[in-house]
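The values are calculated or read from the model by the stated rules, or taken from the named source; none is laboratory data. Source: prediction; values computed, not measured. Cβ coordinates were reconstructed from backbone atoms using ideal geometry, including for glycine residues, and neighbour counts include every protein chain displayed. The protein model used for the area step is the full one, side chains on, heavy atoms only, and it has no ligands, DNA or RNA in it. Shrake-Rupley method; radii C 1.70, N 1.55, O 1.52, S 1.80 Å.
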Amino acid sequence: MLDDMISSDARPRLGLPIVLLMAAATGLCAGGNYFNQPLLDSISDHLNVSASAAAATVTIAQVAYALGLILLVPVGDMVDRRKLTVGLILLAATGQAVSGFAPNFATLAVGIAVAGVFSVAAQVLIPFAASLAEPERSGQVVGTIMSGLLIGILLARSVAGVLSGLGGWSTVYKVAAVLMVVMAVALWRSLPSDSADRPKASYGATLASVGKLAATLPRLRTRSAMGGLAFAAVSTVFTTMAFLLSGEFGYSDTQIGLVGLLGVAGALMATVAGRLADRGLGQVATGGAIAILLVSWLPFASGATHIVWFLVAIVLADLALQGVHVSNQNVIYALVPEARSRVNSVYMTTYFVGAAVGSAVGSMVWKSYGWNGVCIAGLVFSVATALVWMHDRRLEKAELRIPESLVSVG
């Protein structure tokens, strides 16, 4: 009977406590992939590996997350999302526990990879919330949960740094594992089943339909590329800033983690970008965000020796990244509203592949060319973002109506 209610206009109301629970779960899952960023120097010291090897854990987390987006998120169109979400969170908790008790670098890498793959529970929860919410509240509910995701990512670095100062670098992973188990139990008890009216499609057919969308929608490709390139640009800094801050300025893990709190400014840009998109000014929001990203590399370059400029640059970069990201989402969700989960899989996969590439490039240029090399690499990714945006503007003028056949899974 509950399934029938969900598929009708009498669907159960999502009260604020449940929405906040889903937002917290989303933030915890997504944020877990960022715990290592302020801890790289400590990981390098305690596990007796090089700085570049420690930095590779950032790439591992992002590649693993991208694989989860490709292979697991589309399953939300096939099975009960409550069961899928809870199962994924429990598996992510297992990965966090392995990381927290890792006796060596190889075990840590395995734990981070496992946690990364299954942390895509966050990307299952968002469309789940949209399907449960009343149509007139869907935007509000999804917006609240997306805010939870963003805040979770921002707080992850800070909390990791603080907990490292209290109990060592592995503390945050142990705490996260416990919290994820608690969150999974709470979600299981609070969320309804949504197993009714699932399309009769195989796993292979569902994945194939994702590729069909990517191949047929030019603006999905351009917006995905923009997101990936912008995240690559910022990831060159996120991956290496622990080395700069600890080496040049003598910052502790706690202090490096607190720098991440400056990213709260990105939440403000997310709101502004969303409002501009609602007014039909999505391209203005995107262009403005990319301009901020390009400008940010001037203070980043000065930040090698002046901490104030580095902090200014971090604020600008977070503003820009969230502005590009939210603008992209507004565009892609409007392309094929009936296939938002699959469109989201394409976009978010590209987004985190870009982050992984940026992290890998940042690690390599840091080792060979230092901070100046990191800034140049970030600038190159930013210029590429701007070039793709210019192409997207041309595509917007030539948009055609999307055929219904694209929505079909089969």
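Here is how the numbers come out for the structure above:
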read-out: Sequence-separation-based contact order of the stretch 274-336, relative, with Cα cut under 8 Å and 6+ spacing, percent; value: 40 percent
read-out: Mean Cβ count within 10 Å, highest first, over the residues of peptides 175-188, 235-248; value: 235-248, 175-188
read-out: Computed accessible area, VAL383, all protein chains, 1.4 angstrom probe, square angstrom; value: 70 Å²
read-out: Degrees separating the helix 16-31 axis from the principal Cα axis of the chain, which is the longest one; value: 50 degrees
read-out: Sites GLU396 and ASP45 - FRET efficiency at Förster radius 56 Å, r taken between beta-carbons, to 0.05; value: 0.65
read-out: For the stretch 70-131 and the stretch 334-397, distance of Cα centres in Å; value: 23 Å
read-out: Summed side-chain charge close to GLY263 - residues other than GLY263 whose Cβ falls under 9 Å, Lys, Arg +1, Asp, Glu -1; value: 0
read-out: Helix 264-278 vs. the chain, principal-axis angle (Cα, 0 to 90°, nearest 10); value: 40 degrees
read-out: By average C-beta atoms within 10 angstrom, highest first, the peptides 303-310, 121-128; value: 121-128, 303-310
read-out: For the stretch 78-89, Karplus couplings with θ = phi - 60° (6.51, -1.76, 1.60), whole Hz, Gly/Pro x; value: 10, 10, 4, 5, 5, 4, 4, 4, 5, x, 5, 5
read-out: Calculated log₁₀ intensity ratio I(q)/I(0) where the Debye formula runs over C-alpha points of the chain, q = 0.09, 0.10 Å⁻¹; value: -0.51, -0.64
read-out: Probe 1.4 Å - accessible area at ARG82, Å² to nearest ten; value: 50 Å²
read-out: Two-site FRET efficiency, ALA53 against ALA205, from Cβ-Cβ distance with R₀ of 35 Å, rounded to 0.05; value: 0.30
read-out: Relative packing of peptides 288-295, 20-27 - highest average C-beta neighbours within 10 Å first; value: 20-27, 288-295
read-out: Stretchable slack from VAL272 to GLN255, in nm (0.36 nm times residue separation minus alpha-carbon distance); value: 3.2 nm
read-out: The chain: angle of helix 105-118 to the longest principal axis, Cα-based, in degrees nearest 10; value: 30 degrees
read-out: The chain, relative contact order in percent, only Cα pairs under 8 angstrom and at least six apart counted; value: 24 percent
read-out: Karplus 3J(HN,Hα) series, Hz, for the stretch 370-380 with 6.51 cos²θ - 1.76 cosθ + 1.60 (x for Gly, Pro); value: x, 5, 4, x, 4, 5, 5, 4, x, 5, 4
